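Notes for the one structure printed next.
The values are calculated or read from the model by the stated rules, or taken from the named source; none is laboratory data. Remember, it's a predicted structure, so these values are computed and weren't measured experimentally. For neighbour counting, all protein chains shown are included, and Cβ atoms are generated from backbone atoms with ideal geometry for every residue, glycine included.
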C-alpha cells in the first residue's frame, strides 16, 4: 500500500496541478488527459465513478443480472481541436476500440468508440459520437483514453481491475478481486498492474 501511495504522488507530480486539486477536479471531469495517458502505461487509475485501464488489461464488471469482462486494444486522438462557432463546438476527436465478453453468452463483441464535435444549434444539434458501453442492461460512458464511467444513479455496477489479458483466463470465482462502485468523494487510486497479482 505504501508503494502505491508513493508511486501515485510521483506520477501526479508530472503535472502543474497539485494532488489535492487533481482529486477535487476528478469529481467533475477526471484528471488531465496527458496525465492519464502516462499513468495507464503500467497502471489502473480508479476514480470515484470510473476506472482507466492499461491497453489489453481486463476489467471485470458485475451488475444486476450480468457479468462482463472488457479490455481496450487501442486508442487515438485527432489533435484537431478548432475554434468553435455557432454551429460547431470545435472539440477534439477521439477514438478507441474495445472488446467485451458477456459471461452469460460467452460471446465477444468488438466495439468502435468515438467522440466527435457537437454540430447544430440548440435543441436541433447533434454529435455523431458512440461513447456508450453496455454490460447486460447496464450502460456506461467511455471517456478517452480508456476510462469506463458508472452513471450516478447506478447502485448495482461494480468494477474490478485484473492483471490478466486473455479472456479465456477470466474466472470470477478464483481471481483476486477488489470491487469499486460509484462512491462520491473517493480519492484517486493508482494501482500498478503488478500489485494486483498479490491481492
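Among the candidates 150, 111, 133, 196, which residue alone is modelled with pLDDT under 95, under 20 Å from residue 54 (Cβ atoms) and either buried (at least 16 other Cβ atoms within 10 Å of the Cβ) or touching a helix residue (DSSP H, G or I) at 6+ places or on another chain (Cβ under 7 Å) (or both)? Working first, answer last.
Numbers: 150 fails: modelled with pLDDT under 95; 111 fails: modelled with pLDDT under 95; 133 fails: modelled with pLDDT under 95.
Exactly one residue qualifies, and that residue is 196.
Checking each residue of segment 26-36 against the condition of being at pLDDT 90 or above and surrounded by 14 or more Cβ atoms within 10 Å (Cβ to Cβ) gives at least one match. Quick check on my filter: what residues within segment 124-139 are more than 22 Å from residue 57 (Cβ to Cβ), touching a residue at least 24 places away in the same chain (Cβ under 8 Å) and part of a strand (DSSP E or B)? Correct list: empty. For segment 47-57, a tally of residues being more than 13 Å from residue 162 (Cβ to Cβ) and part of a strand (DSSP E or B) returns 2. Here 103, 60 are screened, and the one residue that is more than 17 Å from the chain's Cα centre (by Cα), modelled with pLDDT of 90 or more and surrounded by 15 or more Cβ atoms within 10 Å (Cβ to Cβ) is 103.
Would you say residue 96 is assigned to a strand (DSSP E or B), at pLDDT 95 or above, crowded, with 17+ Cβ neighbours inside 10 Å and touching a helix residue (DSSP H, G or I) at 6+ places or on another chain (Cβ under 9 Å)? Taking the combined requirement at face value, the residue does not satisfy it.
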